[in-house]
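The values are calculated or read from the model by the stated rules, or taken from the named source; none is laboratory data. Computed from a predicted model, the values in this text were never measured in an experiment. For neighbour counting, all protein chains shown are included, and Cβ atoms are generated from backbone atoms with ideal geometry for every residue, glycine included.
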Amino acid sequence: VTNTDFYRPTYHFTPAYGWMNDPNGMIYKDGEYHLYFQYNPYGSKWGNMHWGHAISKDLFHWKQLDPAIARDTLGHIFSGSSVVDRYNTAGYGKNAIVAFYTSASEKNGQIQCMAWSTDNGRTFTKYSGNPVLTPFDGLKDFRDPKVFWYAPMKKWYMIVSADKEMRFYSSSNLREWTYVSAFGKGYGQQPNQFECPDFFELPVDGNANHRKWVMIVNINPGCLFGGSATEYFVGDFDGKTFKCDTDPKVVKWLDFGKDHYACVTMGNTPGRVVALPWMSNWQYANVTPIKQYRGANALPRELKLYTRNGQIYLSADVVKEADALRKESVSIDNIKADKKGTVRQLPDNYGYAYELDFDVTPGMSAETGVTLCNDKGEEVKIYFDMKKNRVVMDRTKSGLTDFGKLAKPHEIEANYDVHQFKDKNTKFRMLNSVNYQNDFALGTWAPLSLCEGKTYTVRLMIDKCSVEMFIDGGRIPMTNLVFPTAPYNKLKFRSADGKGSFKNVKAYRLAL
Ligand code: FRU
């Protein structure tokens, strides 16, 4: 690990060299998790898109392999998905892995292509008849196919992001696709552009007899805290149309941080739905203070549906495999904190990678929380504000924050690659925002109405350049990048009205 790799995370996946964005085609097969990803093997900024490849047995120890699908004359290899063809419907062999991606070029636009692998996902053969799907209306933004098996119809379905909606197609052989329906115009955060869809069924509150379909929609730009974020819709699907439970204006976010994007789920994991987000934001993804490589995934999360105030929501909790990262631990006495705060020092060897767990009962009239501090005066402030009924993570003074602001115009141009923008206006607004304001130094927040009680169970996962918070089993997930110049080795517990209390405070050193 060289100096230019200073911010390389300890237990999050990063490519050894080159640029990474969206996770693609994730699939579990024969004891291996496959992660493909948007990859530029030639440099650490977006470009030359390939599907990179890494495998793991436990979702944490990853081994990077050669890129699986390389850019070709049809264009970039954009995001997509893969399936295991259990019944050999496509004719490439029983249990072949069949991948779907978007070829993107100025000349051909965005078209859906297919490739298959019979060596457990190591190498792929592109279908000679590509593309398998083009937009029927010449749409420019038509990408990121997600394919799934729909048992009631014994058919494959593909959901494709098509500008401001999602389109469903069906097929019996994975090659010929028939248009079924569309969903989403006017739904959710507006104005929006849909990207990287996912679609799956889950039991509600763990009840196998009450199941709902969930559509994940990643949207960029214009989200809650600026730039990109992930929302979702809950409803019913009958093989023809998706009917959303809520009215179009309702927005449900899958994460309340600023660095959770292109989140899609792992295929072929019976009994659970595992999602993997890319941990960045298109506002500054290309200019983070990293050189050798760029881009990491956030922690894998298990998704579940729960009911709250008559509505169904997704929770996203870090997968159970993360428990194996725990090394030594320290238990810290119950803390009754006051305005000044009570400081606890972490053992030296905890360094940049640790977990902090506690149950907090906030005071009602003022902020209660924990601040992660280091010897350089840098800090991440996490606090409950019961007057606003919010939990906040503030990274304004977390370390390096003005790399976006200092980016040279040509770097910004590269950041906002043309495929992200169709109109000059949006592009102008985005360039403007990076030039004249700092998109990084800010706090993100979530509504506490998603939780049940007066006491909140908080799990913080801290790594070299990230803080991920999971409250009450993932009802509130919050994922934020941070670039401290020394480890946050002090925890400052505070309660401005002296009424908040912390129990079961425990910190673990984390390592692979
Ligand atoms: C999302 C995205 C996708 C596209 C890919 C290109 O981050 O814009 O829509 O396929 O990145 O790298």
Restricting attention to the stretch 407-419, does a residue exist that is among the aromatic types (Phe, Trp, Tyr), surrounded by 19 or more Cβ atoms within 10 Å (Cβ to Cβ) and either on the phi > 0 side of the Ramachandran plot or modelled with pLDDT under 95 (or both)?
yes
Selection within the stretch 58-84 - of a type in the set (A, V, I, L, M, F, W, C) and either under 20 Å from Ala16 (Cα atoms) or buried (at least 22 other Cβ atoms within 10 Å of the Cβ) (or both):
Leu59, Phe60, Trp62, Leu65, Ala68, Ile69, Ala70, Ile77, Phe78, Val83
Can you name every residue in the stretch 282-320 that is basic (Lys, Arg), in contact (Cβ under 8 Å) with a residue 24 or more places away in the chain and surrounded by fewer than 21 Cβ atoms within 10 Å (Cβ to Cβ)?
Lys291, Lys304, Arg308
Looking at this structure, is Lys126 free of Cβ contacts under 8 Å to residues at least 24 places away in the same chain, more than 16 Å from the ligand (Cβ to nearest atom) and either within 15 Å of Ala90 (Cβ to Cβ) or in contact with a strand residue (DSSP E or B) (Cβ under 7 Å, 6 or more places away or on another chain) (or both)?
no
Out of the residues in the stretch 248-287 that are within 15 Å of the ligand (Cβ to nearest atom) and more than 14 Å from Thr479 (Cα to Cα), state the one that is modelled with the highest pLDDT.
Val264
Give Ala90, Ala115 a once-over and let me know the one that is farther than 28 Å from Val318 by Cα and away from the ligand (no atom under 16 Å from the Cβ).
Ala90
Considering only the stretch 43-61, state which residues are of a type in the set (Phe, Trp, Tyr) and within 13 Å of His12 (Cα to Cα).
Phe60
Select from the stretch 191-231 the residues that are within 11 Å of the ligand (Cβ to nearest atom) and at positive phi and write down the one among them that is surrounded by the most Cβ atoms within 10 Å (Cβ to Cβ).
Cys196
From the set of residues in the stretch 41-100 that are touching a residue at least 40 places away in the same chain (Cβ under 8 Å) and touching a Pro at 6+ places or on another chain (Cβ under 7 Å), which is nearest to Glu176 (Cα to Cα)?
Phe100
So Trp62 fits all but one of (1) at pLDDT 95 or above; (2) within 16 Å of the ligand (Cβ to nearest atom); what number is the exception?
(2)
Exactly one of these conditions fails for Asp144: (1) of a type in the set (Asp, Glu); (2) assigned to a strand (DSSP E or B); (3) over 24 Å from Trp278 (Cβ atoms). Give me its number.
(3)
Can you name the condition, by its number, that Lys252 falls short on among (1) within 16 Å of Pro197 (Cβ to Cβ); (2) surrounded by 21 or more Cβ atoms within 10 Å (Cβ to Cβ)?
(2)
